Ligand SMILES: [Zn+2]
C-alpha cells in the first residue's frame with residue numbers, strides 16, 4: 001500500500017530496511033536530524049552528519065526508488081552545552097538550500113532545561129528567517145507533558161504559523177494540546193514506548209483524522225521501520241476502508257510536507 | 001465501525017495477557033530484595049488513575065499520573081534519559 005514515512009532515522013538503519021520499506025509501498029522518507037545514540041565530540045561531527053543527511057542517504061534511498069528528504073538542527077539532547085549548540089546552528093545556513101532539505105527539525109526539548117529552551121527558541125528564529133517549516137520532538141515519558149506545554153508557549157510567543165509546525169511523539173495526554181492550538185500532530189509507533197498501533201488508531205478515533213500523521217521514527221533503538229504499514233493493517237482490522245487508511249498514511253503527511261518547497265514526489 | 005463484540009474478539013486476549021503481566025511484575029517486585037524507588041509509587045498511582053480516571057480517558061489519566069506536572073524549565077540537565085515516572089523528590093528540590 002502507498003504510504004509516506006514522515007520521520008525515520010535512516011542513518012541508523014541497514015540498506016535491507018530501505019528494501020523492505022520500498023516493498024511495503026513507501027513513496028518518500030523524511031529524516032529529521034537527531035541524536036545518533038551518542039554525543040558527537042565536535043562541531044565537525046555535525047558537519048559530517050549534515051552531509052550524510054543531504055548527500056549519502058538520498059543516494060542510498062534512490063537505489064530503491066524512494067525519495068529521501070531531511071530536516072536540519074542540533075537536537076535537544078546535545079543542546080545542553082549552549083555554546084556548542086550555537087556553533088552547530090552556524091552550520092545550518094550552508095546546508096539549508098540543499099535540494100532535499102525540508103526545514104528545521106527535529107528541534108524541541110529533552111529534559112526541559114533552560115538551555116534547551118534557549119536553543120529551541122534560536123532554532124525557531126532561524127526557521128522564521130529562512131521561512132522554513134518546523135518539525136518538533138517532544139520529550140520522553142514523564143517529561144513529555146511539561147515539555148509539550150513549554151514548546152507550545154514558546155511557539156506562541158514567537159508568532160509562528162502553527163499550520164507549518166508539526167509537533168511529534170504525541171500521546172493521549174498531549175494530542176489535544178497540540179491539535180487544539182492549531183499545530184499538526186505526529187504519532188510515533190514504537191514497540192516499547194510512545195504509541196502502539198492499537199493506541200494510535202484510538203487516538204485517531206478520539207481526536208480525528210485532520211492534521212495528524214503517523215511515523216515509525218525508526219532509529220538506533222528498539223523500533224520498526226514498517227510500523228506505519230503495520231498500523232495501516234490495524235486500521236483495516238477496525239474496518240476502516242482503503243481510502244480512509246490512505247488518507248492517514250499518505251494524504252495527510254503529503255499535505256503537511258507540501259509546506260516545504262523542496263518536497264516533491 | 002466494529003461492535004463491542006468485534007473489539008472483544010480483537011483485543012481481549014492481548015489485554016488479558018498484559019493484565020497478567022502487570023500482576024506478575026508486581027509479585028516479582030515484592031519477592032525480590034532491596035530498596036524500591038519512586039517508580040513503584042508512580043506505578044501504583046497510575047493504577048489508581050486507571051480505575052478512577054475522572055473526566056479523562058483511562059489512557060490519558062494513566063499518562064498524567066506518570067507525568068511531571070511542574071511548569072518551569074529546570075536549571076540544567078543532570079541526565080539525558082527519562083525513567084517513565086516523575087521523581088517527586090527531584091522535582092521539589094529544583
Ligand atoms: Zn526522531
Return the whole-Å distance between the Cα centroid of segment A:146-176 and the Cα centroid of segment A:1-61.
-> 24
Cα gyration tensor, the protein assembly as shown - rounded (a/c under 1.5), prolate or oblate | oblate
By how many degrees, 0 to 90 and rounded to 10, does the Cα axis of helix B:38-51 deviate from the longest principal axis of chain B?
-> 40
Could you list A:235, B:1, A:214 in order of exposure, starting from the residue whose Cβ has the fewest other Cβ atoms within 10 Å?
-> B:1, A:235, A:214
Would you give the gap between the C-alpha center of segment B:34-94 and the C-alpha center of segment A:193-263, rounded to a whole Å?
-> 27
Sorted from fewest to most neighbouring beta carbons within 10 Å, what does the list A:216, B:67 look like?
-> B:67, A:216
How well do other chains shield peptide A:163-176, expressed as the mean number of their Cβ atoms within 10 Å of each residue Cβ?
-> 2
Arranged by the count of other C-beta atoms within 10 angstrom, fewest first, what order do A:113, B:78 take?
-> B:78, A:113
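Laboratory data are not the source of any read-out in this text; all were calculated from the coordinates shown. The structure presented is a predicted model; accordingly, all values stated were derived computationally and were not measured. Ideal geometry is used to build each Cβ from the backbone, glycine not excepted, and the neighbour counts take in all protein chains shown.
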